[in-house]
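Below is one structure. I have some questions about it.
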Amino acid sequence: MMKYRELGSTGIKVSSLCLGTMQFGWTADKATSFGILSAAYQAGINFIDTADVYSHWVDGNPGGVSEEIIGKWWKQAQIPRENLVIATKVRGEMGNPPTEGLSGKRILKMVDDSLRRLQVDYIDLYQAHWADNETEIEETLCAFDELVQSGKVRAIGCSNYSAAELTEALEVSERFGLARYETLQPHYNLVHRDEYERDLAEICREKKIGVIPYSPLAAGFLTGKYRRESKPDSARAEAVAKYYTEKNWLLLDKMNEIALACGATVAQIALAWQLADLTISSPIIGANSITQLEDSLGAVEISLNSQEKALLDKLSS
């Protein structure tokens, strides 16, 4: 059964797994995407994460396609708007002629485009996709604050921010009485821990910031399909190759042992490891098929004991 957690200090209740949608309109067509969204909703997932740029990097894809699919799905399925927590992001290159960044003027324009594509009157969580060193953070936060005050956005967050960038943003919000980043979306998993744990984790704990990790399965490396002796030729093979170390193979061996003992899959163990940390609001899972989705959903039924958790911490430290 799906569990729910508060998203930082926002008061927003989100499912303990968040459905990521980068693949919609890219590796999952509209019909497949609709099926995944419906299956996720029926399983209790209320939290959906996207971005305006998804998937702009694909030939013929102008960006905004994932948002459009989500908008068409919830309207067609007649899902009550209040039953969904919809998060999207702004920063990347979009438009014709293309623009990018987090200037105040651009944010105020781009949010309206996202609202239109998502077919919503408000966005639950509007996030800076990554920092913009060309724009003063005060300007960015003033625009976000205007959106919160107007009701177009319920809360704001950031993704891919360093500890220094997040700290500065929080200080500026406090100094000027502006809406603050309530969430952080970091790259975090069992084989990519230091970037988040070194400095960001303590800030998030201290400031009660919701944490929504992306790539919890390390681009598929933590699904168990990769082995020393068997490395499938997948679309993500190049991205995964950096994890081919003896330390990580030993980690996978132990994860497989734990999975067998729990009647689970390796992917479920990787997600259960994150869910065991109550400071993690909702790991972002992606799926190109309902089968992949169902595998990830099984993680909410897995509870690692303290010895298993400690062992995975040690092997992946």
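None of the figures in this text is laboratory data; all of them are computed from the coordinates on show. Worth saying up front: this structure is predicted, and the values here are computed from it rather than measured. Cβ atoms come from the backbone with ideal geometry, glycine included; neighbour counts cover every protein chain shown.
Test of the criteria: in the range 205-279, which chymotrypsin sites (Phe, Trp or Tyr not before Pro) are in a DSSP loop and have at most 13 other Cβ atoms within 10 angstrom of their Cβ?
When the chymotrypsin sites (Phe, Trp or Tyr not before Pro) of the range 205-279 are filtered for loop state and at most 13 Cβ neighbours within 10 Å, Y244 remain.
I've got another one for you. So for the pair D199, E168, with labels modelled 7 Å out along Cα→Cβ, what separation do we get in nm?
1.1
Would you mind checking which residues have amide H under 5 Å from T99's amide H? H placed 1.01 Å from N; only 5 or more apart, or other chain.
It is M94, by chain and number.
Step through the residues of the range 277-282 one at a time and calculate ³J(HN,Hα) from phi using the Karplus curve (6.51 cos²θ - 1.76 cosθ + 1.60, θ = phi - 60°), rounding each to whole Hz and writing x for Gly and Pro.
Per-residue couplings from phi come out as 9, 6, 7, 7, 6, 6 Hz.
Helix 266-275 versus the longest principal axis of the chain: what angle, 0 to 90°, nearest 10, using Cα atoms?
Rounded to the nearest ten degrees, it is 50.
Identify, among Q42, T183, Y122, the residue whose Cα sits farthest towards the positive end of the charge dipole of the range 36-185, taking +1 on the Cβ of Lys and Arg and -1 on the Cβ of Asp and Glu, with the dipole about the Cα centre.
Of the candidates, Q42 comes out farthest on the positive side.
Same structure again: Quick check on the chain: helices-only [θ] at 222 nm, where DSSP H runs of length 4 and up contribute -39,500 (n - 2.57) each and the sum goes over total residues. Nearest 500, please.
Only helices count here, giving -12500 deg cm²/dmol.
For the Cα atoms of the chain, what angle does the longest principal axis make with the long axis of helix 65-76, in degrees from 0 to 90, nearest 10?
90
Let me ask something else. Using unit Cβ charges (K, R positive; D, E negative) and no other charged atoms, how large, in debye to the nearest 20, is the dipole of the chain about its Cα centre?
The calculated dipole for the chain is roughly 780 debye.
Return the distance in nm (one decimal) between the two label points of a simple spin-label model at E6 and K254, each offset 7 Å from Cα along Cα→Cβ.
Output for this residue pair reads 3.4 nm.
Quick one: helix 306-316 against the long Cα principal axis of the chain, what's the angle to the nearest 10°, folded into 0 to 90?
With both axes taken from Cα atoms, the answer is about 80 degrees.
Moving on to the next point. Could you work out how far apart the two model spin labels at D121 and K225 are, taking each label as a point 7 Å from the Cα in the direction of the beta carbon, and quote it in nm?
4.3
Among G177, G71, G20, determine the one that fluctuates most according to a GNM of the chain built with springs between C-alpha atoms less than 10 Å apart.
Residue with maximal mean-square fluctuation among G177, G71, G20: G177.
Which residue, S303, S162, S150, has the most motion in a Gaussian network model of the chain that connects Cα atoms within less than 10 Å?
So, out of S303, S162, S150, the one fluctuating most is S150.
Now for a different question. For percent of Cα pairs over 29 Å apart, one of (1) 35; (2) 31; (3) 45 was computed from the structure I shared and the rest are decoys. Which label?
Step by step, percent of Cα pairs over 29 Å apart for this structure corresponds to label (1).
Sort out for me the Cα centre separation of the range 160-188 from the range 245-301, rounded to whole Å.
Between the Cα centres of the range 160-188 and the range 245-301 lies a distance of 29 Å.
A follow-up question, please. Cα gyration tensor of the range 165-317, axes a ≥ b ≥ c as square roots of the eigenvalues: rounded (a/c below 1.5), prolate (a/b > b/c) or oblate?
prolate
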